[in-house]
Amino acid sequence: MASKSHYFPLVIFLLSFSNVTAKSASWSADSRETDFQKWVSWNVQKHREKSTMSQAESTSQALAEAGVKLVDDKLRKAEMHKVRISVCQNGTGDFKTITEALNSIPSYNNRRVILDIKPGVYREKISIPRKLPFITFLGNSSDPPTITGNDTASVAGKDGRPMKTFQSATVAVDANYFVAINMKFENTAPHEIGSIGGQAVALRISGTKAAFYNCSFYGSQDTLYDHKGLHYFNNCFIQGSVDFIFGYGKSLYENCYLNSIAKKVASLTAQKRSTWGDYSRVVFSFTFMDKIVLPRGWSDWGDQKRDTRVFYGEYKCSGPGANLTGRVPWTRILTDEEAMPFIGTYYVDGDTWLISPYKNWITSEPY
Ligand SMILES: *[C@@H]1O[C@H](CO)[C@@H](O)[C@H](O)[C@H]1NC(C)=O
Ligand SMILES: *[C@@H]1O[C@H](CO)[C@@H](O)[C@H](O)[C@H]1NC(C)=O
Ligand SMILES: *[C@@H]1O[C@H](CO)[C@@H](O)[C@H](O)[C@H]1NC(C)=O
Ligand SMILES: *[C@@H]1O[C@H](CO)[C@@H](O)[C@H](O)[C@H]1NC(C)=O
Ligand SMILES: *[C@@H]1O[C@H](CO)[C@@H](O)[C@H](O)[C@H]1NC(C)=O
């Protein structure tokens, strides 16, 4: 390719956004390093406790095999009574649009509702409110349905005022227990360098205990708004130019591929723990980094006060972009023990709510 586009093919990419403790906002200059060490040991300790716990729980393996794992109670009940409805644009399904299908679901539903979304391009602006938990968007892996839009932060909303980044999302999820499988989320608004209000979110996830499998997210500036809650991304593709994964979420990205299309120096992630990313935490583990990653690796955007507050860890990464020569001195090269808490689904308390997409939804019978 002759274009100046920058590709960032991460063969294995694992990013753990963390917001473990909000207390650090009051760290004083002198106690910072000690507090940092305390936090690391706390994290390691918590991880040890969790692993001991899950060993004790391995007797419930049979239950897990049956697809009913150690989920929280509400979730367990919801999965026991799941329903499935289909969405197909040619009229052969239960609904022609995703919006109509969502509108058919009663408020405060307590059952898993699987929307079997047939291939097609759905030009819909979708909002899943808090009162609609347990929704699954299930697409076809050989022809994933696309949900597309092109709103930006500066476009006027219903009230005539600029939408802001938050409302620009093509798909906005405020509900808990959301799952998407084989879906493509898109915001096609172009990003112009130096423009203001160009933020154009493809998906915003603000509900907790959400999982994404085989999904792709296409946008430019601010593609994926990983707003808040516990989130798990598996085998996903995320493309953008500036800050294209951002938010306060505590999330694990496993086997994902980050594709940068920036035409100048730009950030891939902008984890925003506390205001302005001052206490941001990001860990890359087992990540293949292409040469588009600058040697310095991380940026404090000119504010050195941040250097001791942020937590940017790297663990066993590879590729030309992973060469540590030239890294900012405040990057953390994690030891095995320090990295352990970040590199499994326990990082997002997955043992209580993550369940196999195959056993529970993909093969479930139509309702
Ligand atoms: C409608 O779409 C479905 C799913 O893509 C497809 O299987 C079916 O053949 C289509 N039917 C017609 C009449 O086009
Ligand atoms: C997925 O789409 C392919 C090709 O359109 C079709 O053959 C297959 O039956 C679909 N799978 C499901 C689970 O709908
Ligand atoms: C956004 O999409 C709509 C519908 O396709 C189109 O009419 C409009 O021109 C697009 N706006 C921009 C800025 O691309
Ligand atoms: C993800 O995609 C792969 C390859 O297309 C497919 O084999 C796999 O079943 C998909 N996973 C899920 C959870 O649908
Ligand atoms: C890392 O980069 C430095 C400086 O460019 C270079 O001298 C060194 O050989 C590189 N190391 C590896 C393992 O490529």
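The values are calculated or read from the model by the stated rules, or taken from the named source; none is laboratory data. Everything quoted here is computed from the prediction, not taken from an experiment. In this analysis, Cβ positions are derived from the backbone assuming ideal geometry, glycine residues included, and neighbour counts consider all displayed protein chains.
Scanning the stretch 154-170 for any residue that is modelled with pLDDT of 95 or more, in a strand (DSSP E or B) and away from ligand 5 (no atom under 16 Å from the Cβ) turns up nothing.
Could you go through the stretch 222-230 and let me know if any residue there is surrounded by 24 or more Cβ atoms within 10 Å (Cβ to Cβ), within 16 Å of ligand 2 (Cβ to nearest atom), touching a residue at least 24 places away in the same chain (Cβ under 8 Å) and closer than 18 Å to residue 127 by Cα. Looking for residues that are surrounded by 24 or more Cβ atoms within 10 Å (Cβ to Cβ), within 16 Å of ligand 2 (Cβ to nearest atom), touching a residue at least 24 places away in the same chain (Cβ under 8 Å) and closer than 18 Å to residue 127 by Cα, one finds none in the stretch 222-230, hence no.
Among 196, 205, 292, 245, which is the only one that is at pLDDT 90 or above and among the aliphatic types (A, V, I, L, M)? Before the answer, list the steps.
Values: 196 fails: at pLDDT 90 or above; 292 fails: at pLDDT 90 or above; 245 fails: at pLDDT 90 or above.
Result: 205 is the single residue among 196, 205, 292, 245 that is at pLDDT 90 or above and among the aliphatic types (A, V, I, L, M).
Of the listed requirements (1) within 16 Å of ligand 2 (Cβ to nearest atom); (2) over 23 Å from residue 87 (Cα atoms), residue 252 misses just one: (1). The residues of the stretch 179-203 that are in contact with a Phe, Trp or Tyr (Cβ under 8 Å, 6 or more places away or on another chain) and not polar (S, T, N, Q), listed by number, are 179, 180, 181, 183, 184, 185, 186, 201, 202, 203. Identify the residue in the stretch 152-202 that is among the hydroxyl-bearing types (Ser, Thr, Tyr) and farther than 29 Å from residue 108 by Cβ and, among all such residues, is surrounded by the fewest Cβ atoms within 10 Å (Cβ to Cβ). Per the criteria, the residue is 195. Only residues that are within 16 Å of ligand 3 (Cβ to nearest atom) and over 22 Å from the mean Cα position of the chain (by Cα) were counted in the stretch 100-122, giving 2. Being over 24 Å from residue 349 (Cα atoms), outside any strand (DSSP E or B) and over 10 Å from the mean Cα position of the chain (by Cα) is a condition met by at least one residue of the stretch 206-219.
Count of the stretch 126-153 residues, restricted to those that are in contact with a helix residue (DSSP H, G or I) (Cβ under 9 Å, 6 or more places away or on another chain), in a strand (DSSP E or B), polar (S, T, N, Q) and within 16 Å of ligand 3 (Cβ to nearest atom), is 0. Residue under question is residue 96, and the condition is that it be without any contact (Cβ under 8 Å) to a residue 24 or more places away in the chain and surrounded by fewer than 21 Cβ atoms within 10 Å (Cβ to Cβ); does it hold? Considered against the rule, which asks whether it is without any contact (Cβ under 8 Å) to a residue 24 or more places away in the chain and surrounded by fewer than 21 Cβ atoms within 10 Å (Cβ to Cβ), residue 96 comes out as yes.
So in the stretch 188-204, with the set limited to residues that are within 24 Å of residue 254 (Cβ to Cβ) and out of contact with any His (no Cβ under 6 Å at 6 or more places or on another chain), which one is farthest from ligand 2 (Cβ to nearest atom)? Across the stretch 188-204, the extreme among qualifying residues is 201.
In this structure, does residue 147 turn out to be under 18 Å from the mean Cα position of the chain (by Cα), among the β-branched types (Val, Ile, Thr), within 16 Å of ligand 1 (Cβ to nearest atom) and within 21 Å of residue 102 (Cα to Cα)? Yes, satisfied.
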